[in-house]
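Peer 1: My structure is below; once you've seen it, I'll send some questions.
The values are calculated or read from the model by the stated rules, or taken from the named source; none is laboratory data. As the structure is a prediction and not an experimental result, all values here were calculated from the model. Using ideal geometry, Cβ is built from the backbone for each residue, glycine included, and neighbour counts are taken over all protein chains shown. Surface accessibility is based on the protein's heavy atoms, side chains included, excluding ligands, DNA and RNA. Shrake-Rupley method; radii C 1.70, N 1.55, O 1.52, S 1.80 Å.
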Amino acid sequence: DVSSPKHGKVDPDNMPHVGGNMWAGGTGGRDTAGLGGKGGPYRLDAGHRVFQVSQAEKDAVPEEVKRAAREMGEKAFKRRLKEIQMSEYDASTYERFSGAVRRQVQSLRIILDNLQ
């Protein structure tokens with residue numbers, strides 16, 4: 001079961017973590033920032049293979065946990081914007097321009113990776 005969202009512990013060795021309720025950047029877990037899990041406050045990619053919980057499990061997260069996770073994610077987003085000296089307007093403008101070329105940038109990254 002989910003209880004309350006949190007960032008989670010950071011693994012200094014960046015080992016892959018699947019499931020559980022402890023590690024930031026894990027996959028398929030609960031309550032912590034990561035990918036493929038449920039009840040976490042925001043997505044956090046540590047570069048590992050993603051294990052996804054079912055949509056039914058995600059839908060079963062209590063509304064108060066979802067609300068707390070959204071609030072925590074919003075606070076983290078605003079804190080990050082402040083760190084990089086970017087306003088919410090700047091962020092939305094960046095996202096609009098970035099979104100327009102996202103597919104082309106991804107294609108270029110694949111080409112460059114293959115050339116390396």
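Peer 1: Identify, please: which residue in region 39-48 is in contact with a Ser or Thr (Cβ under 9 Å, 6 or more places away or on another chain) and within 23 Å of Arg67 (Cβ to Cβ) and is, among those, surrounded by the fewest Cβ atoms within 10 Å (Cβ to Cβ)?
Peer 2: Only one residue fits best here, namely Leu44.
Peer 1: Does any residue of region 49-57 turn out to be open to solvent by less than 100 Å² (accessible area, probe 1.4 Å), in a helix (DSSP H, G or I), of a type in the set (D, E, K, R) and not assigned by the TED database to the domain that holds Met22? Spell out how you get there, then give the answer.
Peer 2: Step one: filter region 49-57 for residues open to solvent by less than 100 Å² (accessible area, probe 1.4 Å), giving 50-51, 53-54, 56-57.
Now restrict to residues that are in a helix (DSSP H, G or I): 56-57.
If we keep only those that are of a type in the set (D, E, K, R) as well, we get 57.
Then drop every residue that is not not assigned by the TED database to the domain that holds Met22, which leaves none.
Among the residues of region 49-57, not one is open to solvent by less than 100 Å² (accessible area, probe 1.4 Å), in a helix (DSSP H, G or I), of a type in the set (D, E, K, R) and not assigned by the TED database to the domain that holds Met22, which makes the answer no.
Peer 1: So which of Gly26, Gly34, Gly8 is under 26 Å from Arg79 (Cα atoms) and either loosely packed, with under 13 Cβ neighbours inside 10 Å or in contact with a His (Cβ under 7 Å, 6 or more places away or on another chain) (or both)? Reasoning before the result, please.
Peer 2: On the way: Gly34 fails: either loosely packed, with under 13 Cβ neighbours inside 10 Å or in contact with a His (Cβ under 7 Å, 6 or more places away or on another chain) (or both); Gly8 fails: either loosely packed, with under 13 Cβ neighbours inside 10 Å or in contact with a His (Cβ under 7 Å, 6 or more places away or on another chain) (or both).
Answer to the check: Gly26.
Peer 1: Continuing with the same structure: Please work out which one of (1) surrounded by fewer than 18 Cβ atoms within 10 Å (Cβ to Cβ); (2) farther than 15 Å from Ala60 by Cβ is the condition Asp1 fails and give its number.
Peer 2: (2)
Peer 1: A further question follows. Yes or no: Glu64 open to solvent by 80 Å² or more (accessible area, probe 1.4 Å), charged (D, E, K, R) and outside the structural domain of His17 (by the TED database)? Write out each step before concluding.
Peer 2: Numbers: open to solvent by 80 Å² or more (accessible area, probe 1.4 Å): yes; charged (D, E, K, R): yes; outside the structural domain of His17 (by the TED database): no.
For Glu64, the condition - open to solvent by 80 Å² or more (accessible area, probe 1.4 Å), charged (D, E, K, R) and outside the structural domain of His17 (by the TED database) - is not met.
Peer 1: Could you list all residues from region 57-116 that are more than 18 Å from the chain's Cα centre (by Cα) and within 20 Å of Gly40 (Cβ to Cβ)?
Peer 2: Matches in region 57-116: Ala60, Pro62, Glu63, Glu64.
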